[in-house]
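Asker: One structure follows; several queries about it will come next.
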Amino acid sequence: MAVSTSFSGAKLETLLLNKCYPSSSARSNATHFSVFGKNRRTVSVIQKGGIRCDASGSDVLGDSSSNATTVSAIEQLKISAADRYTKERSSIVVIGLSVHTTPVEMREKLAIPEAEWPRAIGELCGLNHIEEAAVLSTCNRMEIYVVALSQHRGVKEVTEWMSKTSGIPVSELCEHRFLLYNKDATQHIFEVSAGLDSLVLGEGQILAQVRQVVKVGQGVNGFGRNISGLFKHAITVGKRVRAETNIAAGAVSVSSAAVELALMKLPQTSHGSARMLVIGAGKMGKLVIKHLVAKGCTKMVVVNRTEQRVAEIREELKDVEIIYKPLSEMLNCVGEADVVFTSTASEDPLFLKDHVKDLPPASQGVGGHRLFIDISVPRNVGSCVSDLESVRVYNVDDLKEVVAANKEDRLRKAMEAQSIIGEESKQFEAWRDSLETVPTIKKLRAYAERVRAAELEKCLGKMGDDIPKKTHRAVDDLSRGIVNKMLHGPMQHLRCDGSDSRTLTETLENMHALNRMFSLETEISVLEQKVRAKVEQNRSEA
């Protein structure tokens, strides 16, 4: 196949010199060869698009056979490098940091409020090798899903963007992040939506958060067909897993786990008398209130910015005494409480050591220690507060203690869900495979249009300069009509929704046949065109 000269120079050098990122999906089908020079360097070209470089220190004599091998090897590398753009389709990649891999101190710096998701998508899609993007930012995870035109370049650009927006060094992010590609990324978001990756197995709030990603992404430039399709399918998987397994039976949410943790830390004799305070009456706060009521609490104070939400909760829970207090009275309320739950969207801590140190102690019935149960990310209670002897501070990472129970039952439920996820993953991958024909369709249309335009120009040239506009238009319409009629059959055989594996296989065979017949693979690939366009756009905006 032909290699574009623009690729074989600077891009080839970049491929050799850049640090190579390992790909979880590039596990087999590697072609090995050696590039000789001062040091021998073995290069593994992975068909999925990753290139792994392993250098060995032995020198090689520069005889004629070595030189011949060198030329052959370099040519092979050029072809393989160009192949990355010509044959590799764009990849779905997730760059994530979750409660399983990353402490809350780092996650809160990375957290992106929902209102900022469209801006984040725009910035991510402005990167040279990122085509589509989505952000899933919750109290337990910060995950960025992208369609990357190049896997390792895309990961590098997104990681640098995360570092820039959070202030966390790239090296530190790399210590805690996880990277998943294509099928692994698909399986991950399906597990997330099903509640299998949650701190609390089967919890329902994460499905609502995945739905919100789709809702916020609608109409946002960059929340494209692949990512949108992925998240919509994840919602289907989450609903199906909950409907067909008993994974949600008895499952707890972060809010209910917070209530359980508080009761675990309180003396059992104080469960009925401990003074409860909830700060924030949003979704999480409302769930905390409901779970407190379910555990027998009949009186509590709720601090919120406005009274309307508290009044709605009070109307719903008529048998419970819910006392509303404005934010201006928050500190006084803390001084009169034994247990304080915080669940606000504040990006700055509500409580620091200086705010708490002079407050009256908690009642003797709870042991004199005031409990702060902080389920917000970013945290509402500064870590410095835990330095005080009279205070015990717990955050979302401490909920692991609550959910460690019934581990065997949780694993059994997860196994039931995995079979559904495996089935749905195959369906999604088939749908993605069906999109593989899109570049061929575009290139075939472009090829036919070039032929049509060239032949039309020849025809009009023979007809002279004085032909009427009506005749010109008639000949032009005739040529378009012929091309469209000729392309109709091939185009029909390149379209497939991925629902039938037999039809999909035939469609891909047709695609390869057309590529061979019309030499479409020798043209600049769609991926390389996209990269060039993005680079030029970024240069013009700089």
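Bear in mind that the values in this text are calculations on the coordinates, not laboratory data. What you see is a predicted model; the values in this text were computed from it and never measured. FYI the Cβ positions are ideal-geometry reconstructions off the backbone, even for glycines, and counts take in every protein chain you see.
Asker: Relative contact order for region 133-228 using alpha-carbon pairs under 8 Å, separation at least 6, rounded to a whole percent?
Answerer: RCO, region 133-228: 32 percent.
Asker: Residue by residue through region 229-243, which ³J(HN,Hα) values in whole Hz follow from phi under the Karplus form 6.51 cos²θ - 1.76 cosθ + 1.60 (θ = phi - 60°), with glycine and proline marked x?
Answerer: Karplus values, whole Hz, x for Gly and Pro: x, 4, 6, 5, 5, 4, 5, 4, 5, x, 5, 5, 4, 5, 7.
Asker: What residues qualify as long-range amide H neighbours of Ala133, i.e. H under 5 Å apart, gap of 5 or more or another chain, H built at 1.01 Å from N?
Answerer: The list, which skips near neighbours in sequence, is Val147, Phe223, Gly224.
Asker: On to the next question. How about region 345-433: which GluC sites (Glu not before Pro) there are in a DSSP loop, with at most 16 other Cβ atoms within 10 Å of their Cβ? Display every interim value, and only then the final one.
Answerer: On the way: sites: Glu347, Glu389, Glu401, Glu408, Glu416, Glu423, Glu424, Glu429; in loops: Glu347, Glu389.
Here the sparse-neighbourhood loop sites are Glu347, Glu389.
Asker: Could you please report the charge total around Asp387, scoring K, R as +1 and D, E as -1 over all other residues with beta-carbon less than 11 angstrom from its beta-carbon? The partial results should precede the final answer.
Answerer: Numbers: positive: Lys353, Lys357; negative: Glu389.
For residues surrounding Asp387, the net value is +1.
Asker: If you put +1 on each Lys and Arg Cβ and -1 on each Asp and Glu Cβ, how big is the dipole of region 211-302 around its Cα centre, in Debye rounded to 20?
Answerer: Numbers: 14 positive and 2 negative charges, 52 e Å.
Value, rounded to 20: 240 debye.
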